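Student: Here you go, one structure.
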Amino acid sequence: RICEVKDKAKIKEFKFEGRYDHKTNIEERLGFLKFLASSSTFTISRKEVDIIWSCLVDESDINFDEAALFKWLKESCETPKGGSIVWELQDIGAIFNERLGKGTG
């Protein structure tokens, strides 16, 4: 688990590591991965996205985590200045269909 928070009202105060709160940690870590993948030869594999999804959607009790991941996936389909897209929109669609479709049927 990325973290455990029993009192949801205190999530903004929760310290994940160091001096930054959980929200800032998640945003910065996802941002770093996006920057790295869009500005270098580093790639984020589908397996790695599945791991990130599991941590931020399947296993997290913090609503922000899911929203942050969805925003990150969306933004990863957009071309940043001086970089390249991390994911094609079809790939993100396939991830959503597979991951969200697991609970149906």
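Student: Does any residue in the stretch 44-70 that is under 14 Å from Ile95 (Cα atoms) and aromatic (Phe, Trp, Tyr) come within less than 7 Å, Cβ to Cβ, of a residue that is part of a helix (DSSP H, G or I) and open to solvent by 60 Å² or more (accessible area, probe 1.4 Å) six or more places away or on a different chain, and which pairs are these?
Tutor: Filtered contacts from the stretch 44-70: no entries.
Student: Also, quick follow-up: Yes or no: Gly82 at pLDDT below 80, assigned to a loop (DSSP other than H, G, I, E, B) and either over 13 Å from the mean Cα position of the chain (by Cα) or within 16 Å of Phe32 (Cβ to Cβ) (or both)?
Tutor: yes
Student: Got a number for residues in the stretch 13-28 being modelled with pLDDT of 85 or more and open to solvent by 50 Å² or more (accessible area, probe 1.4 Å)?
Tutor: Number satisfying all stated conditions: 3.
Student: How many residues are aromatic (Phe, Trp, Tyr) and over 18 Å from Ile85 (Cα atoms) if we restrict to the stretch 42-67? Can you show your working first?
Tutor: Step one: of the stretch 42-67, the residues aromatic (Phe, Trp, Tyr) are 42, 53, 64.
Remaining after also requiring over 18 Å from Ile85 (Cα atoms): 53, 64.
Selection size over the stretch 42-67: 2.
One line per residue, one yes/no per condition, for (1) surrounded by fewer than 16 Cβ atoms within 10 Å (Cβ to Cβ); (2) modelled with pLDDT of 80 or more; (3) part of a helix (DSSP H, G or I); (4) over 15 Å from the mean Cα position of the chain (by Cα):
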site: Leu30; (1), (2), (3), (4): no, yes, yes, no
site: Lys47; (1), (2), (3), (4): yes, yes, yes, no
site: Asp61; (1), (2), (3), (4): yes, no, no, no
site: Glu66; (1), (2), (3), (4): yes, yes, yes, no
site: Leu69; (1), (2), (3), (4): no, yes, yes, no
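The values are calculated or read from the model by the stated rules, or taken from the named source; none is laboratory data. Just so we're clear, the structure is a prediction, and the values are computed from it rather than from any experiment. Methodologically, a virtual Cβ is constructed for each residue, glycine included, from the backbone with ideal geometry; neighbour enumeration extends over all protein chains shown. Each accessible area value is taken on the protein alone, full model and side chains, heavy atoms only, with ligands, DNA and RNA left out. Shrake-Rupley method; radii C 1.70, N 1.55, O 1.52, S 1.80 Å.
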